[in-house]
Amino acid sequence: MSDILAIYVLWLRDIKHYWYDKIRIFASLGQPLLILFVLGTALTPTLQGGVSFSKYIFPGVISMTVLFTSIFSAISIVWDREFGFLKEVLVAPISRWSIVAGKALGGSTVAVMQGAIMLFMAPLVGVELNLLIIVKSILAMFIIALAMNSLGIVIAARMKEMEGFQMVVNFIIMPLFFLSGALFPTDKLPQWLLLLNRFDPLTYGVDLLRKTIIGISNFHSIINIGVLLVFTLIMFSIAVFEFNISE
Amino acid sequence: MEIIKVENLSRRFNKFLAVDSISFSVQEGEIFGFLGPNGAGKTTTINILCTLLKPTSGNAYVSCCDTTKEPNKVRSQIGIVFQDPSLDDRLTAEDNLRFHGRLYHLGSEEINKRIPEVLNLVELYDRKNDFVRKFSGGMKRRLEIARGLMHRPKILFLDEPTLGLDPQTRAHIWDYILKMRKETNLTIFMTTHYMQEADVCDKAAIIDHGKIADLDTPLNLKSKYNEQTLEGVFLKITGREIRSQAGESAWSQWMRRT
Ligand SMILES: Nc1ncnc2c1ncn2[C@@H]1O[C@H](COP(=O)(O)OP(=O)(O)OP(=O)(O)O)[C@@H](O)[C@H]1O
Ligand SMILES: [Mg+2]
């Protein structure tokens, strides 16, 4: 019971930060919108089943928003460490797993809200939404967000300073994003790239979201959800472990 | 009754021995002062006692619980004002306190009652809806003290609590802490560089290079070293060279930044 309350409090803190910082809400939509409209307009081949390119990458761009928001909010743990606030959390009589869970749920909620804003751009690229698609997409985004947040927390627990952030962007976020097939179909990839693609957890998130929004997919949704949940579980356990071994 | 007990406690950072096999105990209701120059190992000891840091060897018991074996039991008994800032400055003062109250399992009624109480104590009640980043250094410090007291801890750790505060505020806060101690049998473990403050201690340990050089009542220390003030005792034991260390400079940096 007290764990649930702790999770709620930490979740609420992330929501408040999000709410108080409205500029960030818009700023972080710039990049995905740019990709969607510039790439989507510049590259105009029609893909399998007569789908336009911008329609095809639309779920990928939503995944991108979810990925970036998730990792950024997880990395804010490093800020909290640098500015001392993490001590206030760590010295409180709450279980370590609830700290990780609160952070993961808070970051995921924020990521889903950002993703939802992108989702409502759907009419601009000719994607039709209905209530069922919206609900399913939000659930899919949440599963993706949890996976990426847990990964982010594992990274943040090891990162002692914000200096390492650029490394994280270049060597983790960008590869995750570009290898996931968010911006291209993966059926014509050379073998080695395909292999990397299959090892990228975001691949399954993009596929799940693409199936939900425009009905195209490589894998069964059960497989996609399964891979993401297993990945989340592994990352979550590592994160809890890392928070337990306080120096 | 012994409420804090430390046995042969050591802590090493890589090769450097920051705390070197110290032992002491603190009685319930006591004010225990940890006095020592910069880099002596005071904050390191506090971090071990409040479960943020694991000792390299030795044991620490707080309120009868081993700090490494039952950390959450220890955590629920203590309040702490860290030497370095630890507020969320992207939230308001009230947000920070509400967050704290919930982490310490206070009910919402109790939280609503305690927020004005502790904010009035540090004279920040009219600023409760301001974001902490707009506070001055001293105001932030006062808010941290309010937060440390909010959940009525059994043991209060104060790591240089009044650093950067003006004399009136300092006196005001000490009045309250001493009053609280009378009413609730609060135990206080503190470090300070203001030797006048150290005089309120029931016991003071002089720590240097990670070792306890001496431990007694301020009165006994003064007569033992034949000095009028604790400051004199302190200088006699630890020498007069200045040791600048990270903790101090981090704080002054923070004060400059804010
Ligand atoms: N995380 C750390 N890594 C490496 N060395 C550390 C670490 N924390 C503390 N030290 C070292 O341990 C020694 C004791 O530091 P500590 O912070 O306990 O001193 P202090 O008595 O609190 O000093 P001050 O009065 O300046 O606050 C110092 O030499 C410091 O450099
Ligand atoms: Mg210190």
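So, A:Ser73, is that one buried (at least 16 other Cβ atoms within 10 Å of the Cβ), touching an Asp or Glu at 6+ places or on another chain (Cβ under 8 Å) and modelled with pLDDT under 95 or not? So A:Ser73 passes the test. Checking each residue in the range A:112-129 for being of a type outside the set (A, V, I, L, M), surrounded by 13 or more Cβ atoms within 10 Å (Cβ to Cβ) and assigned to a loop (DSSP other than H, G, I, E, B) picks out no residue at all.
Take the conditions more than 28 Å from B:Val200 (Cβ to Cβ) and either at pLDDT below 95 or among the small types (Gly, Ala, Ser) (or both) and apply them to B:Thr68. Does it pass? So B:Thr68 passes the test. Within the set B:Ser108, B:Ser57, B:Ser136, the sole residue that is of a type in the set (Ser, Thr, Tyr) and within 22 Å of A:Ile245 (Cα to Cα) turns out to be B:Ser57. So for the range A:94-110 (the condition being in a loop (DSSP other than H, G, I, E, B), within 14 Å of another protein chain (Cβ to nearest Cβ) and open to solvent by less than 10 Å² (accessible area, probe 1.4 Å)), does at least one residue qualify? Among the residues of the range A:94-110, at least one is in a loop (DSSP other than H, G, I, E, B), within 14 Å of another protein chain (Cβ to nearest Cβ) and open to solvent by less than 10 Å² (accessible area, probe 1.4 Å), which makes the answer yes. If the condition is being touching a strand residue (DSSP E or B) at 6+ places or on another chain (Cβ under 9 Å) and at the interface with chain A (Cβ under 8 Å from one of its Cβ atoms), then the range B:76-85 contributes B:Ile78, B:Ile80, B:Phe82, B:Asp84. Count of the range A:18-36 residues, restricted to those that are more than 10 Å from chain B (Cβ to nearest Cβ), of a type outside the set (A, V, I, L, M, F, W, C), surrounded by 11 or more Cβ atoms within 10 Å (Cβ to Cβ) and without any contact (Cβ under 8 Å) to a residue 60 or more places away in the chain, is 2.
Scanning the range A:147-169 for residues that are open to solvent by 40 Å² or more (accessible area, probe 1.4 Å) and under 17 Å from the mean Cα position of the chain (by Cα) yields a single hit, A:Phe165.
Of the helices (runs of 4 or more DSSP H) lying entirely inside the range A:173-247, those containing at least 2 residues that are away from chain B (no Cβ under 14 Å), under 29 Å from A:Arg96 (Cα atoms) and modelled with pLDDT of 90 or more span A:201-214, A:221-244. Summed over the range B:137-162, the residues that are within 17 Å of B:Leu91 (Cβ to Cβ), of a type outside the set (Lys, Arg) and open to solvent by 10 Å² or more (accessible area, probe 1.4 Å) give a count of 1. Could you go through the range B:118-129 and let me know if any residue there is more than 30 Å from B:Ser23 (Cα to Cα), within 14 Å of another protein chain (Cβ to nearest Cβ) and more than 16 Å from ligand 1 (Cβ to nearest atom). Yes, the range B:118-129 contains a residue that is more than 30 Å from B:Ser23 (Cα to Cα), within 14 Å of another protein chain (Cβ to nearest Cβ) and more than 16 Å from ligand 1 (Cβ to nearest atom).
Kindly indicate whether B:Asp20 is of a type in the set (Asp, Glu) and in contact (Cβ under 8 Å) with a residue 12 or more places away in the chain. Yes, satisfied. The requirement of being more than 12 Å from chain B (Cβ to nearest Cβ), more than 23 Å from A:Met235 (Cα to Cα) and surrounded by 22 or more Cβ atoms within 10 Å (Cβ to Cβ) is not satisfied by A:Phe53. Can you say whether B:Leu97 is within 12 Å of another protein chain (Cβ to nearest Cβ), modelled with pLDDT of 95 or more, part of a helix (DSSP H, G or I) and within 28 Å of B:His193 (Cα to Cα), as far as the supplied structure shows? Judged against the criteria, B:Leu97 is a match. Taking the range B:165-194 as the range and being within 16 Å of ligand 2 (Cβ to nearest atom) and surrounded by fewer than 20 Cβ atoms within 10 Å (Cβ to Cβ) as the test, the residues that pass are B:His193, B:Tyr194. Test A:Ile15 against the stated conditions and say whether it is of a type in the set (A, V, I, L, M) and either assigned to a loop (DSSP other than H, G, I, E, B) or open to solvent by 60 Å² or more (accessible area, probe 1.4 Å) (or both). Against the criterion (of a type in the set (A, V, I, L, M) and either assigned to a loop (DSSP other than H, G, I, E, B) or open to solvent by 60 Å² or more (accessible area, probe 1.4 Å) (or both)), A:Ile15 does not qualify.
Looking across B:Glu117, B:Glu144, B:Glu123, one residue alone is outside any helix (DSSP H, G or I) and modelled with pLDDT under 95. It is B:Glu123. Restricting the search to the range B:86-117, which residues are among the hydroxyl-bearing types (Ser, Thr, Tyr) and in contact (Cβ under 8 Å) with a residue 12 or more places away in the chain? Passing the criteria: B:Ser86, B:Thr92, B:Tyr104. Number of residues in the range B:201-258 that are within 15 Å of ligand 2 (Cβ to nearest atom), open to solvent by 60 Å² or more (accessible area, probe 1.4 Å) and either at pLDDT 85 or above or touching a strand residue (DSSP E or B) at 6+ places or on another chain (Cβ under 9 Å) (or both): the value is 1. Picking from residues in the range B:63-93 that are within 16 Å of ligand 2 (Cβ to nearest atom) and assigned to a strand (DSSP E or B), the one that is most open to solvent (accessible area, probe 1.4 Å) is B:Ile80.
The values are calculated or read from the model by the stated rules, or taken from the named source; none is laboratory data. Quick caveat, the model's predicted, so the values are computed rather than measured. Don't worry about glycine lacking a Cβ; one is built from the backbone with ideal geometry, like all the others, and counts go over all protein chains shown. Each accessible area value is taken on the protein alone, full model and side chains, heavy atoms only, with ligands, DNA and RNA left out. Shrake-Rupley method; radii C 1.70, N 1.55, O 1.52, S 1.80 Å.
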